[in-house]
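Computed from the coordinates by the stated procedures, all read-outs in this text should not be read as laboratory data. Computed from a prediction, not measured in an experiment: that's the story for all the values here. Ideal geometry is used to build each Cβ from the backbone, glycine not excepted, and the neighbour counts take in all protein chains shown.
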Amino acid sequence: AQGVEYMKLTYGIDNSPTTANSTTGLIGDGVPDVFTATPTIAQWPFVVSVTLEMLIRTPQSSGGYVDSKTYTLKTGETTVSLGPFGDGYKRHVFSTQVKLTNMAGPREVP
């Protein structure tokens, strides 16, 4: 996608409670308890959400503007600081969390 300078994915792991629910038969409750950028193979079945963070810049520079800002992307255990860039492009950080319904839904306790 045009203008994407940095993209970061962080995965939400549902690992609590650790015993199977008597109603669902599954471990967890559909809510992420831990966030990681590098889930292990054992954690993949428990991934119930994905957080997406992006640093986006305008396609054209703005005359007379100098980007002196530092942009911080923080999710889970990691923080990334980018900039200042010192150029004429305007930037913005966007972030959203997506629930993986096929993984989280069956774990939810009615």
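Partner lysines whose Cα lies under 24 Å from the Cα of K69, excluding those fewer than 8 positions away in the same chain, are identified as K8, K90. Note on the range 61-81 and the range 4-31: Cα centroid distance 29 Å, given to the nearest whole angstrom. Farthest towards the positive end of the charge dipole of the chain, among the residues I41, L55, S16, is the Cα of L55, using unit charges on the Cβ of Lys, Arg, Asp and Glu.
Nearest 500 deg cm²/dmol is fine: what mean residue ellipticity at 222 nm does the chain get from its DSSP H runs of n ≥ 4 alone, each adding -39,500 (n - 2.57), divided by its residue count?
Result for the chain, helices only: -500 deg cm²/dmol.
Among 51-60, 88-97, 6-15, sorting by the average number of other beta carbon atoms lying within 10 angstrom of each residue, highest first, gives 6-15, 51-60, 88-97. Building the convex hull from the alpha-carbon atoms of the chain and averaging its projection over directions returns 8.1 nm².
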